[in-house]
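First the structure, in the form of structure tokens, and then the observations on it.
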Amino acid sequence: MGCCYSNPEANAYVMDCTSRATVGISNIFLGYAILRYAAKEAGCERIHADGICGKRLESGLRASSLLTVMLTVGYLATAACLPLVGTLVDYTPRRRAVGLGTAYALIFIQIIEIGVSERSWPAVAALQVEAQVVYLLHLVPHFAYIPELTRDDREAAAIQASGLGGGYGA
């Protein structure tokens, strides 16, 4: 799994894939925790087998719709930011800085999200939306590096496969 390429950027690409996979995995558990806390606050002591809590939060939103709304807001925010980030990555020498900045932001957000609790879940839900935006913006420099890793198509495929394998192995 990676760490066997002569190009240090190829090794970094593989390690980045593995790191991003751990963020994705933790978000699955975090989403479930947020949904449970929201349902409990809405008055659903037990979530039905289909995941539905028909009661509403103070905001008027159904607790079972919270994750969907969070994703929608995150995707819209990402769409608004992509032109700027794409320009920075493609037309300035800041590609590495954008990648590092988004990676460090993800780490910082994940550290804070560890503290999800019955009292903190609304703030963590807002952070989760920000994490989604940062995660998707992190993919811009990540994928921009692929054509520069090697000129050999077979080696490029092997690097990408190592990254994908590292992600699934995480």
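The values are calculated or read from the model by the stated rules, or taken from the named source; none is laboratory data. For clarity, every value in this text was computed on a predicted model and none was experimentally measured. Neighbour counts are summed over all protein chains in view; Cβ atoms, including those assigned to glycine, are modelled from backbone coordinates with ideal geometry. Just the protein is used for accessible areas: all its heavy atoms, side chains included, with ligands, DNA and RNA removed. Shrake-Rupley method; radii C 1.70, N 1.55, O 1.52, S 1.80 Å.
Structure values in brief
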read-out: Value of relative contact order over the chain, rounded to a whole percent, pairs C-alpha under 8 Å and six or more apart; value: 37
read-out: Chain lengthening between residue 161 and residue 81 when straightened (0.36 nm per residue, less Cα-Cα); value: 25.9 nm
read-out: Calculated FRET value between residue 90 and residue 154, using beta carbons and R₀ = 41 Å, to 0.05; value: 0.95
read-out: The chain - percent of accessible surface contributed by carbon and sulfur, probe 1.4 Å; value: 63
read-out: Residue 45 paired with residue 97, simple spin-label distance in nm, labels 7 Å along Cα-to-beta-carbon; value: 5.7
read-out: Per residue solvent-accessible surface (Å²) - the chain, probe of 1.4 Å; value: 60
read-out: Pairwise label distance in nanometres, residue 144 with residue 26, each label 7 Å out on the Cα-Cβ vector; value: 2.5
read-out: Computed [θ] at 222 nm, helices only, for the chain once each DSSP H run of length n ≥ 4 contributes -39500 (n - 2.57); value: -25500 deg cm²/dmol
